[in-house]
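Colleague: Shown below is the structure under consideration.
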Amino acid sequence: KFRTQLDNRLDGPWDSREKIVAFSFDYCYWSVDPEDPKYASQEVVFQDLGTSVLSGAFKGYNICLFAYGQTGSGKTYTMMGTPVSYSIHKLFAIFLEIYNERVRDLLKQSDHKKPYTLRVREHPETGPYVQGLSQHLVTDYKQVVGLLEEGIAKRITAATHIHDASSRSHAIFTIHYTQAILENNLPSEIASKINLVDLAGSERADPSYCKDRITEGANINKSLVTLGIVISTLAQNSQMFSSCQSINSITSEGDSSPMSSHTTGSVSGTRRQAYIPYRDSILTWLLKDSLGGNSKTIMVATISPASSSYNETMSTLRYASNAKNIINKPRVNEDANVKLIRELREEIDRLKTMLISFELVCINFFSTGPIVMLSVVAEAELSVLHLDKYMLNVTSSFFEECPCCV
Amino acid sequence: MAAGSAWAVLCEKFRSAQSLSAVESKKDPETEPYRSKYGARQLLQEIKQLLGPEEAAEAGAAAAELRAVRLAALEYELGVNHTETEELSAGEEHLLKCTRLLEPRRLSRACVSLYIQAQNNLGILWSERDEIKTAQTYLESAEALYNQYMKENGNPPLDPSEHFMEEEEKLTDQERSKRFEKAYTHTLYYLAQVYQHLEMIEKAAQYCHTTLKRQLEYSGYYPVEWALNAATLSQYYLTKQCFMESRHCLAAASVIFSQVGQAPSAEDNEAEQDHQDLQQRKAEIARCWIKYCLNLLQSARKLLEDNIGELDPDRQSELKAQRKKEEDEKEKRRKKAVLFGTSDLCDSVLAMEEKVSCVCPLDFKEAREIFLVGQNYVQEAKEFFQVDGYVTDHIEIVQDHSALFKVLAFFEEDYERRCKMHKRRIDMLEPIYADLNPQYYLLISRQLQFELADTYYEMMDLKVAIGNRLEELDSHTVKKINSLAQLAVKYYELFLDSLRNPDKIFPEKLEDDVLRPAMVAKFHIARLYGKLITSDGKKQLENMQTSLEYYTFLVDYCEKYPDAVHAIETELELSKEMVGLLPTRMERLRAKLCPFT
């Protein structure tokens, strides 16, 4: 990993002030002019990103590759350029589009009047899925590209029917990859998914669970239609985080949870848990476990070098920079810990006293031999169990033998 | 007569413009999204022409007055039209012209509504420019104007559209009032958003609440949507621990939702989908109720617990005495401020509220009542959110159910019964955990692993406490304690295993997000091995050795990655102590096992 500083110095009629804004990303490519010595070709990008995608999928990771950026800045180009060049075991592909929280199949002829009718459901064994989505068996790279092209063509023609749909919709192309392996001499399967996600414009593209950015896009609306969003944002933002983290409640890093400020052990604060009946977007729902967890996520932000795109470029970079934090975090329930820590402290104190008194005993009663030593040790051992009665019963015989220890 | 018919032409034009803008524009093709809006604009400008230039006002103050107001109404329409077609600057100009014309007469019956609506639109316009503070100024001034007008005058004011209506078409006072109130509701709703953007959260909530309230009063709402919004608002109040307000929202949500007629028999696809949606909303409101019950119980627990999380009897009697005195009055006063609805609705809401308390329960009996209400809603929510199709939702509900049992157990004095409650948690969590594919539900899987581990730990602790009370610790109890401890270890280990990469290797360096959970799991396992009971000395040595290894892991890890220290300071400190003490103890034990070597 290396860090890149992006120098956004712009001049021209847009803004004559000098502005330098720095963002850090893992990789940074210049793919404008092939003649440029710094030019990064598709091959270079693939070497850096694509190979890790493939080796990850091969190992059984779910992979998610997001492309985000201004229309025309090369999102689709980046996606399309990823060649699938490894030996194929068992692959099938799906291609879907999410528009206005509705899903449609990009690889199947659908009803023209109501194309977005598919529902997202979840299965405990196979995860979130789109009901009724067509699956296509693929055996080579050509077929994959064929399907991609078919779906993209469909998206474009649809754009003339649905106002502005392509710039406001997300598309997800998923390759399900299954390898048969032998584990402990038993046939077994490694299944993984590669998701290529073409994100829509910023106002709908938030894969974080962060609500305030959704309303940022919605802004102030002319009707009360969005009252629900306003209220749910309210409820979402007011969820209280105390220093007590709970694995019962997983939240995204986007919120202001004070991960760094826990006062471990001594707290018993609780986190207020509310239920917000407005669902997070279908996109996040479908990709739930492709974000964070046992998956690898790559975000490609494409930007244009034109000064006229300054605003879009800035918002893209800001977005991409935020996206680095979109990882779901498990939190630890501290209820049990508080008790345990107190108990353990007591035990440590007791052990220390025991060991000190043991040394005293050794000095004073060394002549009486190992029996005395034994009794002291036994006491130390058993007190640890916190079973006072048990201890009393078992140790009473020792106490009789060695009254000095009482 | 000529003047009369000329006026009729103007009115007709105005009406056409409005219909173009409001109705026709929805049918505009995507290639020309603003075609009808531009058409409307054209008409409005024609009317403005026909009204003639300002100076040409022939005779009389009354005529000039009338003309000015009409012009203002036109400027308003033009302003809105430009804003809607993304020409903000022109829109602003027209709206400002409108308010300038109305300024001196803004408190009159003819102008107040128009003025408020112009300010609403200026508010929207500035918020679109991301100048929230400016938007706030306009909207707050609209709010103030409404209040002033209602105080000083209060008669139903003219609707802006009436300025271009013939006398016989003019609206009834009832309709005028309705439209005026609606405009004001919008003011409040925009203000709610403005306050939210300015992070004035409490104020935002208050305005949302008022908006909901006014929707009810003026019947401007869809029941399902309203119910869902009220239920959502209840969740905001929950996080603020305002249980009375939260319950009120929920009760109102349930009552309003019950007024929705059931969708006609599910024959075609669409009706089926509507039916599904309705069921889902119902289940979602139930889930809000579950959270209500859960949070109320948890709040009570927080009030009552001592420093190790047990019920503090002194605290309990103190709070009981205190409650008698104040609660009632305080609640009544607060309640007035938020009450929803007209009188008949109020009764239903009150009846709904009576089913569950909104004050913190202080003993098992009270806690149990709330628990039972919560449990009923768990059943209701699960009817829709079934495992097949709604895995995440279903599990979240089960987790809440488990949490309800957990907090109820806090109020239970009898250890055996308390243990049984935890067993119920195990019984509901274990099977769903077993069915879950961690590849797709890793995070939930991990939550369940941790919760199962903690629950087994809790049960083991209870068994130990029960054992302590016995005359003699029987082998059955010892066995039970050990098996519970081992199960707790098993689930902590499963959690740790989930961190392994696909090659089954435990990560050298833990990611920040799992660092603390992983360390806590290691720490708990270390402790659990220290708690296993055995009379076999060798076995005991082995357990101590394992315990030592886990404590050592924490110490070594933090030595290698000092960054990790801040996440587990206390655990690290204790682990270091144990790493220092355990070997000596083991040494002694070894000496005891073979004393003569």
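Here, each number is a calculation from the coordinates, and none is a lab measurement. Since this is a predicted model, take the numbers as computed values, not measurements. All Cβ positions, even for glycine, are placed from backbone atoms using ideal geometry, and neighbour counts span all protein chains on display.
Colleague: Modelling each spin label as a point 7 Å along the Cα-to-Cβ direction, I'd like the B:A64/A:Q47 distance in nm, to one decimal.
Modeller: Here the modelled spin labels are 8.2 nm apart.
Colleague: Oh, and also: On a 0 to 90 degree scale, rounded to 10, what angle separates helix B:569-593 from the longest Cα axis of chain B?
Modeller: Between helix and principal axis, roughly 20 degrees.
Colleague: Oh, and also: How would B:E577, B:E416 line up from fewest to most surrounding beta-carbon atoms within 10 angstrom? Show your work: numbers first, answer last.
Modeller: Numbers: B:E577 18, B:E416 10.
Ordered by Cβ neighbours within 10 Å, fewest first: B:E416, B:E577.
Colleague: What FRET efficiency do you get for B:Q379 and B:D497 if R0 is 30 Å and r is their Cβ-Cβ distance, rounded to the nearest 0.05? Walk me through the numbers before you get to the answer.
Modeller: Details: r = 34 Å, r/R0 = 1.13.
It comes out at approximately 0.35.
Colleague: Please report the projected area of segment B:61-221's Cα convex hull averaged over all directions, in nm².
Modeller: Answer in nm², one decimal: 9.7.
Colleague: Enter the angle in degrees (range 0 to 90, nearest 10) between the Cα long axis of helix B:223-239 and the first principal axis of the Cα atoms of chain B, meaning the one along which they spread out most.
Modeller: That helix lies at roughly 50 degrees to the long axis.
Colleague: Could you tell me what a quarter of the Cα convex hull surface of segment B:493-540 works out to, in nm² with one decimal place? The partial results should precede the final answer.
Modeller: Working: hull surface 17.3 nm².
Taking a quarter of the hull surface, the average projection is 4.3 nm².
Colleague: Angle between the Cα long axis of helix B:269-304 and the longest principal axis of chain B, 0 to 90 degrees, nearest 10?
Modeller: Approximately 60 degrees, to the nearest 10.
Colleague: Let me ask you something else. If you take each beta carbon of peptide B:585-593 and count the beta carbons of other chains within 10 angstrom, what is the mean?
Modeller: Numbers: counts 7, 0, 1, 10, 4, 1, 4, 8, 0.
So the per-residue partner count for this stretch is 4.
Colleague: Starting from the Cα-Cα distance between A:R318 and A:K90, subtract it from 0.36 nm times their residue separation and give me the gain in nm to one decimal. All intermediate terms of the calculation are to be shown ahead of the outcome.
Modeller: Details: separation 228, 0.36 × 228 = 82.08 nm, distance 3.85 nm.
Here the answer is 78.2 nm.
Colleague: Can you give me the distance in nm between label points at B:V359 and B:K509, each placed 7 Å from the Cα along the Cα-to-Cβ direction?
Modeller: 5.6
Colleague: Quick one: if the Förster radius is 25 Å, what FRET efficiency do B:E416 and B:L372 give, using the C-beta to C-beta distance and rounding to 0.05?
Modeller: Values: r = 21 Å, r/R0 = 0.83.
That pair, B:E416 with B:L372, gives E of 0.75.
Colleague: While we're on this one: Under the classification rounded if a/c is under 1.5, otherwise prolate if a/b is larger than b/c and oblate if not, where does segment B:198-238 fall, given a ≥ b ≥ c as square roots of the Cα gyration tensor eigenvalues?
Modeller: Numbers: a/c = 2.83, a/b = 1.55, b/c = 1.83.
Oblate shape, in that a/c is at least 1.5 and b/c is the bigger or equal ratio.
Colleague: If each Cα of chain B is one equal point scatterer, what is log10 of I(q)/I(0) from the Debye formula at q = 0.07, 0.10 Å⁻¹?
Modeller: Values returned for q = 0.07, 0.10 Å⁻¹ are -0.66, -1.02.
Colleague: Between A:I356 and B:E310, what is the FRET efficiency for a Förster distance of 30 Å, r being their Cβ-Cβ separation, to the nearest 0.05?
Modeller: Working: r = 31 Å, r/R0 = 1.03.
E between A:I356 and B:E310, to the nearest 0.05, is 0.45.
Colleague: Averaged across B:447-453, how many Cβ atoms of other chains sit within 10 Å of each residue's Cβ atom?
Modeller: Numbers: counts 8, 2, 2, 8, 4, 0, 3.
Neighbouring Cβ atoms belonging to other protein chains average 4 per residue here.
Colleague: So, one more: Give the average, rounded to an integer, of partner chain Cβ atoms located within 10 angstrom of each Cβ in B:527-539.
Modeller: Values: counts 7, 1, 0, 5, 6, 1, 4, 0, 1, 0, 1, 0, 0.
Mean number of neighbouring Cβ atoms from other chains: 2.
Colleague: Quick one: if you stick a label point 7 Å off each Cα along the C-beta vector at A:Y141 and B:H566, how many nm between them?
Modeller: Going by the 7 Å Cα→Cβ label model, 4.6 nm.
Colleague: On a 31 Å Cα-Cα criterion, which of the cross-link pairs B:K13/B:K203; B:K26/B:K182; A:K90/A:K154 come out too long?
Modeller: Values: B:K13/B:K203 42 Å; B:K26/B:K182 22 Å; A:K90/A:K154 26 Å.
Result: B:K13/B:K203 exceed 31 Å.
Colleague: Please arrange B:L107, A:L283 by how many other C-beta atoms lie within 10 Å of their C-beta, fewest to most. Kindly include the intermediate steps, with their values, before the conclusion.
Modeller: Details: B:L107 15, A:L283 23.
Starting with the residue having the fewest Cβ neighbours, the order is B:L107, A:L283.
Colleague: Anything over 20 Å Cα to Cα? Flag those among A:K339/B:K479; B:K531/B:K576; B:K406/B:K531; A:K59/B:K504; B:K48/B:K97, in the order listed.
Modeller: A:K339/B:K479; B:K406/B:K531, as the Cα separations exceed 20 Å there.
Colleague: Continuing with the same structure: Once you've got the Cα coordinates, tell me which of B:K27/B:K178; A:K108/A:K142; B:K365/B:K463 are over 21 Å apart. Before the final figure, lay out the partial values.
Modeller: Working: B:K27/B:K178 28 Å; A:K108/A:K142 19 Å; B:K365/B:K463 24 Å.
Too far apart for the 21 Å limit: B:K27/B:K178; B:K365/B:K463.
Colleague: Counting only helical runs of four or more DSSP H residues, what would the 222 nm mean residue ellipticity of chain B come to if each run contributes -39,500 (n - 2.57) and the total is spread over all its residues? Mind showing how you got there, number by number?
Modeller: Values: 21 runs with 446 residues, N = 597.
Calculated from helices alone, the mean residue ellipticity at 222 nm is -26000 deg cm²/dmol.
Colleague: Would you list B:Y207, A:Y129 from fewest to most Cβ contacts within 10 Å? Spell out each step's value before the answer.
Modeller: Values: B:Y207 25, A:Y129 19.
Least to most surrounded, the residues fall as A:Y129, B:Y207.
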